[in-house]
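Take a look at the following structure, please.
The values are calculated or read from the model by the stated rules, or taken from the named source; none is laboratory data. Keep in mind that this is a model prediction, so the values were computed, not measured. All Cβ positions, glycine included, derive from the backbone under ideal geometry; neighbour counts span all protein chains shown.
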Amino acid sequence: MKRLIRLSKPMPTTASSLCVPASPGLVLGLVLGLVLLGCQPNTTSQAGSATQTSPQASPTTNTQPLNDTAPVAPYTIAANGMNGMTPTSTLADVQKLFGAAHVKPGSFYVGEGVCSPATAVYPNDPAKAFLIVWLNQPQPSAKPYMLVWDLPDTETWEELKGSHGATVMPTSQWHTPQGVRVGSTVADVELANGKPFKLYGIDWDYGGNVTSWEKGTLDTAHHGRLGVRFGPPPTPIGDTSAFSGDAVFSSNHPAKAMKKLVAYRLTYDMIPDERPLDDALMPQQFPCETMPVPTSY
């Protein structure tokens, strides 16, 4: 069984983008808001109301460079963390950092049957696994476009329980210094951000992606690079229709189910701060059936 991993944040339609079909058990850590962080919607919603918008948003434009000099705890998702990953890391660097045996070819699902080349790190270990999506540059010298941490969404989790006999949702060791990780609820993330934030409604291709941190802690601490995507957890949380569809909502939405949505994808923008990025360097796109699928755990 194969699972398609949705890109957290949409790529320009004119650029060669990224995509990937990944195996169901693969834990990879906005890119749409996702996480690639670029621009935010001009119009945001009031709590309980929605604003129609096109999927062009990302929390904010990068204003600070990544700095890998300050020591941080292992498996920390931060500008000075990433276990040694930097914007100039190559495939050879990744193999040295994590061990060549733990680095496998993969792909990332963009949408509509299109995927992009990627590298799966620790694909057989849900606690450590993440995905690297590369810029459109020759390997092995290509530079990273973004990092992705991902766990099964509700539908895939149901499939895993049936096909693998799994009884506990996998967890990831990766987390931000503020405590945000895959599995955090909207309530948890709002607390870490220090204020409400904006996100797309659920149940569509870019659903659940954060579109703006509203200048909260998760924006300033990560310089607009952190993306989070939310969805319903495996257990019922009540009616979610009030914040579904192609519109932007506040995390402070009055519907109680909003606060119970969980983060099932985190992404981190690795593009150097020069903007805009040349479209020719955007990750390539190919039909998903032609792309490799990372080993599943």
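Just to be sure I understand, how many residues within segment 234-287 are part of a helix (DSSP H, G or I), farther than 20 Å from L199 by Cβ and among the aliphatic types (A, V, I, L, M)? It would help to see each step written out before you state the result.
Initially, segment 234-287 is screened for residues part of a helix (DSSP H, G or I), giving 241-243, 256-260, 279-281.
Checking which are farther than 20 Å from L199 by Cβ leaves us with 279-281.
Restricting the remaining residues to those that are among the aliphatic types (A, V, I, L, M) gives 280-281.
Count: 2.
Any residue in segment 67-96 that is surrounded by fewer than 16 Cβ atoms within 10 Å (Cβ to Cβ) and assigned to a loop (DSSP other than H, G, I, E, B) sitting within a Cβ distance under 7 Å of a residue that is modelled with pLDDT of 80 or more and not hydrophobic (A, V, I, L, M, F, W, C)? List the pairs, counting only those 6 or more apart or interchain.
From segment 67-96, the pairs are P74/N83; T88/K143.
Looking at this structure, is G201 in contact with a strand residue (DSSP E or B) (Cβ under 9 Å, 6 or more places away or on another chain), modelled with pLDDT of 95 or more and of a type in the set (G, A, S)?
Numbers: in contact with a strand residue (DSSP E or B) (Cβ under 9 Å, 6 or more places away or on another chain): yes; modelled with pLDDT of 95 or more: yes; of a type in the set (G, A, S): yes.
Against the criterion (in contact with a strand residue (DSSP E or B) (Cβ under 9 Å, 6 or more places away or on another chain), modelled with pLDDT of 95 or more and of a type in the set (G, A, S)), G201 qualifies.
Among the listed residues K215, K195, identify the single one that is of a type in the set (K, R), within 26 Å of G81 (Cβ to Cβ), surrounded by fewer than 22 Cβ atoms within 10 Å (Cβ to Cβ) and in contact with a Gly (Cβ under 6 Å, 6 or more places away or on another chain).
Values: K215 fails: in contact with a Gly (Cβ under 6 Å, 6 or more places away or on another chain).
Residue meeting the stated conditions: K195.
Still on this structure, please answer the following. Given the residues A50, A129, A101, which is the only one that is surrounded by 20 or more Cβ atoms within 10 Å (Cβ to Cβ) and at pLDDT 80 or above? Working first, answer last.
Details: A50 fails: at pLDDT 80 or above; A101 fails: surrounded by 20 or more Cβ atoms within 10 Å (Cβ to Cβ).
None of the other options fit; the residue is A129.
Please go through segment 218-243 and pick out each residue that is surrounded by fewer than 20 Cβ atoms within 10 Å (Cβ to Cβ) and touching a Gly at 6+ places or on another chain (Cβ under 7 Å).
Scanning segment 218-243 gives a single hit, G231.
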